[in-house]
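First comes the structure, then the notes that go with it.
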Amino acid sequence: MRIAMIGTGYVGLVSGVCFSDFGHDVICVDKAEEKIRTLQAGQIPIYEPGLDVLMAKNVAAGRLSFTTDLATAVDGADAVFIAVGTPTRRGDGHADLTYVMAAAEEIAQAVTAYTVIVTKSTVPVGTNRKVHAVVSATNPSAAFDVASNPEFLREGAAIDDFMRPDRVVVGVENDRAADVMAEIYRPLYLRDFPILTTDLESAEMIKYAANAFLATKITFINEIAGLCERAGGDVKEVARGIGLDGRIGNKFLHAGPGYGGSCFPKDTAALARIGQEHAHPMQITETVIRVNDGVKKRMIEKIREACDDSFNGKTIAILGVTFKPNTDDIRDAPSLTIVPALIGSGAKVRVVDPQGRTEGEALLPGVDWVSDPYEAVKDADAVVLLTEWNEFRALNLADLANAMAHPRMVDLRNIYSARAVLKSGFDSYVGVGR
Ligand code: UDX
């Protein structure tokens, strides 16, 4: 199969590289010349474990290339994937479809023979029909079908998620498009990963429903964590106790500082907006958004309490600012709520993050960046563990405590035990929901 992948952001790049690894011929297209030059030079503009090696392998095999020339990539492609951004539109929370529709127009102008135009970007219900209308209007003689193929990969585990998915969802208009999509995903199908073929709207809805459900699950356990702090109980035990019930499942029940990242905040906002537009408010999702904002703010109070109720003049070491480990992504991360609040209340903040510095320097002004946790805690009044990078899981607690002016730990990911921390010379330990 010949595939054109429009957009080399997270989803586009990972999908393009993985499709080429399936044996398909893939051309990745982006308007950003600098990005394409970087990719052509064999470098990747994002941090994703294993992606560079897989990319190099498939470029060397002649199956994967990068260009800014959309028309040449689309010409003769069996399928053209749209994987451009759908950011939250300012003002109304709706998904901004400007890039998707612009791509659809450009593809329409370049189509020379039958192709399937596949939306991989997360788009509101009804968008694929709009893409169909735009392509038909732009080029009435274009031979094409549209398909919806939402992506469920997680940052930091993207390749494995793509290669070993829980399921692939494909929304189609007819059998001809379904056959092309089945051929593209045949390598997964043959390895028994389920491929669910639906109508266009169901596929679009599945993506939002899945992300909103997961965001709800996290927010639920975060709310239970808050209650445990007041009423008693350890949220880790509670999560384990409910997670062993197969109907609930044990995943996505880690209490923490609130969800962030490039998907959950954006997609829950968009789903709430879709509900309002259809006069069917998504009350649970709307509440989840509100509660998650409150969870992030509650973390500031936890840290304040740990610091004897004042940040003024205190030095606070922050371990991790990315929204989760194994990524350089800080979008909508809890750190963006927490760190400025500490600085605003007079704290001096020192940050260490294995990959977050590049994005962090722009988004978190006024912090001191250091490269080592032990340097971060030197003479500090508290250490706050904000992202559970593996590098932070096995720190020498006694060395940390010895280096600090006031050895106090606020562990917002519950990766340490109070007993071990206190035994190592810390004066206090605060976790989440315990
Ligand atoms: C998510 C979905 O998992 C993925 O299917 C979709 O395609 C994109 O959005 P991602 O944003 O990369 O992926 O990360 P994920 O691992 O799902 O974590 C999202 C946020 O939830 C992070 O801030 C993480 O720290 C938080 N989280 C996750 C928790 O606080 N507790 C958990 O138990 C799980």
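The values are calculated or read from the model by the stated rules, or taken from the named source; none is laboratory data. None of these values were measured; they are calculated from a predicted model. Using ideal geometry, Cβ is built from the backbone for each residue, glycine included, and neighbour counts are taken over all protein chains shown. To get the accessible areas, we keep the full protein, side chains included, count just its heavy atoms, and leave off ligands, DNA and RNA. Shrake-Rupley method; radii C 1.70, N 1.55, O 1.52, S 1.80 Å.
What residue, of Gly425, Gly360, is surrounded by fewer than 22 Cβ atoms within 10 Å (Cβ to Cβ) and either touching a residue at least 24 places away in the same chain (Cβ under 8 Å) or not in a strand (DSSP E or B) (or both)?
Values: Gly360 fails: surrounded by fewer than 22 Cβ atoms within 10 Å (Cβ to Cβ).
Testing whether each residue is surrounded by fewer than 22 Cβ atoms within 10 Å (Cβ to Cβ) and either touching a residue at least 24 places away in the same chain (Cβ under 8 Å) or not in a strand (DSSP E or B) (or both) leaves just Gly425.
Select from the range 238-271 the residues that are part of a loop (DSSP other than H, G, I, E, B), small (Gly, Ala, Ser) and touching a Pro at 6+ places or on another chain (Cβ under 7 Å) and list them in ascending order. Full working, then the answer.
Narrowing the range 238-271 to residues part of a loop (DSSP other than H, G, I, E, B): 244-263.
Still in the running and small (Gly, Ala, Ser): 246, 249, 255-256, 258, 260-262.
Selection gives Gly258, Gly260.
So how many residues does the range 189-213 have that are more than 16 Å from the ligand (Cβ to nearest atom) and open to solvent by less than 20 Å² (accessible area, probe 1.4 Å)?
Initial filter on the range 189-213 (more than 16 Å from the ligand (Cβ to nearest atom)): 189-192, 195, 197-202.
Next cut, open to solvent by less than 20 Å² (accessible area, probe 1.4 Å) only: 200.
Looking only at that region, the number is 1.
Could you say whether any residue in the range 274-281 is in a loop (DSSP other than H, G, I, E, B) and more than 19 Å from Thr88 (Cβ to Cβ)? Break it down into steps so the answer makes sense when it comes.
Residues of the range 274-281 in a loop (DSSP other than H, G, I, E, B): 278-281.
Next, only the ones that are more than 19 Å from Thr88 (Cβ to Cβ) stay: 279-280.
Yes, the range 274-281 contains at least one residue that is in a loop (DSSP other than H, G, I, E, B) and more than 19 Å from Thr88 (Cβ to Cβ).
Among (1) within 16 Å of the ligand (Cβ to nearest atom); (2) in a helix (DSSP H, G or I); (3) not hydroxyl-bearing (Ser, Thr, Tyr), where does Asn128 come up short?
Only one criterion is unmet by Asn128, namely (1).
Scan (1) within 13 Å of the ligand (Cβ to nearest atom); (2) in contact with a strand residue (DSSP E or B) (Cβ under 7 Å, 6 or more places away or on another chain); (3) of a type in the set (A, V, I, L, M, F, W, C) for the single condition Ala178 breaks and write down its number.
(1)
List, please: which pairs have Cβ atoms under 7 Å, are six or more places apart or on different chains, and start with a residue in the range 290-312 that is at negative phi and aromatic (Phe, Trp, Tyr) and end with one that is outside any helix (DSSP H, G or I) and open to solvent by 20 Å² or more (accessible area, probe 1.4 Å)?
Phe311/Ser345; Phe311/Gly346
Could you please find all residues in the range 392-403 being free of Cβ contacts under 8 Å to residues at least 40 places away in the same chain and surrounded by 16 or more Cβ atoms within 10 Å (Cβ to Cβ)? Break it down into steps so the answer makes sense when it comes.
Within the range 392-403, the first condition is being free of Cβ contacts under 8 Å to residues at least 40 places away in the same chain, and the residues that meet it are 393-403.
Within the range 392-403, Leu395, Leu397, Leu400, Ala401, Ala403 meet the criteria.
If the requirement is being farther than 30 Å from Glu286 by Cα and out of contact with any Asp or Glu (no Cβ under 9 Å at 6 or more places or on another chain), which of these qualifies: Leu70, Leu51, Leu64, Leu97? Explain how you work it out, then say what you get.
On the way: Leu70 fails: out of contact with any Asp or Glu (no Cβ under 9 Å at 6 or more places or on another chain); Leu64 fails: out of contact with any Asp or Glu (no Cβ under 9 Å at 6 or more places or on another chain); Leu97 fails: farther than 30 Å from Glu286 by Cα.
Checking each option against the conditions leaves just Leu51.
So, in the range 273-301, exactly how many residues are surrounded by 17 or more Cβ atoms within 10 Å (Cβ to Cβ) and either under 16 Å from His406 (Cα atoms) or of a type in the set (Ser, Thr, Tyr) (or both)?
Total satisfying the criteria: 1.
Can you confirm whether the range 14-29 contains a residue that is within 16 Å of the ligand (Cβ to nearest atom), under 24 Å from Ile330 (Cα atoms) and of a type in the set (A, V, I, L, M, F, W, C)?
The answer is yes; a qualifying residue exists.
When the range 404-422 is examined, which residues are found to be surrounded by 16 or more Cβ atoms within 10 Å (Cβ to Cβ), assigned to a loop (DSSP other than H, G, I, E, B) and more than 16 Å from the ligand (Cβ to nearest atom)?
Met404, His406, Pro407, Tyr416
Of everything in the range 29-56, what is among the acidic types (Asp, Glu) and in a helix (DSSP H, G or I)? Give them in sequence order. Walk me through how you get there before you give the answer.
Just the residues of the range 29-56 that are among the acidic types (Asp, Glu), to begin with: 30, 33-34, 48, 52.
Hits for the range 29-56 are Glu33, Glu34, Asp52.
So Val123 passes all but one of these: (1) aliphatic (A, V, I, L, M); (2) farther than 23 Å from Leu51 by Cβ; (3) open to solvent by less than 10 Å² (accessible area, probe 1.4 Å); (4) away from the ligand (no atom under 16 Å from the Cβ). Which condition number does it fail?
With (1) aliphatic (A, V, I, L, M); (2) farther than 23 Å from Leu51 by Cβ; (3) open to solvent by less than 10 Å² (accessible area, probe 1.4 Å); (4) away from the ligand (no atom under 16 Å from the Cβ) applied to Val123, the lone miss is (4).
Please go through the range 243-279 and pick out each residue that is within 18 Å of Phe152 (Cβ to Cβ), more than 7 Å from the ligand (Cβ to nearest atom) and small (Gly, Ala, Ser).
Residues satisfying the conditions are Gly249, Ala270.
Is there a residue being part of a helix (DSSP H, G or I), surrounded by fewer than 16 Cβ atoms within 10 Å (Cβ to Cβ) and of a type outside the set (A, V, I, L, M, F, W, C) anywhere in the range 225-233? Steps first, answer last, please.
Our first condition is that a residue be part of a helix (DSSP H, G or I); within the range 225-233, this holds for 225-231.
Pick out the ones that are also surrounded by fewer than 16 Cβ atoms within 10 Å (Cβ to Cβ) and you get 227, 230-231.
Now restrict to residues that are of a type outside the set (A, V, I, L, M, F, W, C): 230.
Checked against the condition, which is being part of a helix (DSSP H, G or I), surrounded by fewer than 16 Cβ atoms within 10 Å (Cβ to Cβ) and of a type outside the set (A, V, I, L, M, F, W, C), the range 225-233 yields at least one hit.
Those residues that are under 22 Å from Glu155 (Cβ atoms) and either in contact with a helix residue (DSSP H, G or I) (Cβ under 6 Å, 6 or more places away or on another chain) or assigned to a strand (DSSP E or B) (or both), I need them from the range 9-28; list them, please.
Those that are under 22 Å from Glu155 (Cβ atoms) and either in contact with a helix residue (DSSP H, G or I) (Cβ under 6 Å, 6 or more places away or on another chain) or assigned to a strand (DSSP E or B) (or both): Val14, Val17, Cys18, Ser20, Asp21, Phe22, Val26, Cys28.
Of the residues Val100, Val59, Val80, Val84, which is surrounded by 14 or more Cβ atoms within 10 Å (Cβ to Cβ), assigned to a loop (DSSP other than H, G, I, E, B) and at pLDDT 95 or above?
Numbers: Val100 fails: assigned to a loop (DSSP other than H, G, I, E, B); Val59 fails: assigned to a loop (DSSP other than H, G, I, E, B); Val80 fails: assigned to a loop (DSSP other than H, G, I, E, B).
Only one candidate qualifies: Val84.
Give all pairs with beta carbons closer than 8 Å in which a residue from the range 142-164 that is among the β-branched types (Val, Ile, Thr) meets a residue that is away from the ligand (no atom under 14 Å from the Cβ) and in a loop (DSSP other than H, G, I, E, B); count only pairs at least 6 apart in sequence or on separate chains.
Val146/Glu173; Ile159/Gly50
Can you tell which of Ile338, Ile343 is out of contact with any Leu (no Cβ under 6 Å at 6 or more places or on another chain), open to solvent by 40 Å² or more (accessible area, probe 1.4 Å) and not in a loop (DSSP other than H, G, I, E, B)?
Ile343
Within the range 138-145, does at least one residue satisfy the condition of being more than 12 Å from the ligand (Cβ to nearest atom), outside any helix (DSSP H, G or I) and open to solvent by 50 Å² or more (accessible area, probe 1.4 Å)? First the steps, then the outcome.
Restricting attention to the range 138-145, the residues satisfying the condition of being more than 12 Å from the ligand (Cβ to nearest atom) are 138-145.
Okay, now just the ones that are also outside any helix (DSSP H, G or I), so 139-145.
Narrowing the set further to residues that are open to solvent by 50 Å² or more (accessible area, probe 1.4 Å) leaves 140-141.
Among the residues of the range 138-145, at least one is more than 12 Å from the ligand (Cβ to nearest atom), outside any helix (DSSP H, G or I) and open to solvent by 50 Å² or more (accessible area, probe 1.4 Å), which makes the answer yes.
Select from the range 152-177 the residues that are assigned to a loop (DSSP other than H, G, I, E, B) and charged (D, E, K, R) and write down the one among them that is least open to solvent (accessible area, probe 1.4 Å). Working first, answer last.
Within the range 152-177, the subset assigned to a loop (DSSP other than H, G, I, E, B) is 152-157, 164-167, 173-174.
Now restrict to residues that are charged (D, E, K, R): 154-155, 164, 166-167, 173.
On the way: Arg154: 111, Glu155: 17, Arg164: 131, Asp166: 129, Arg167: 75, Glu173: 69 Å².
By that ranking, first place goes to Glu155.
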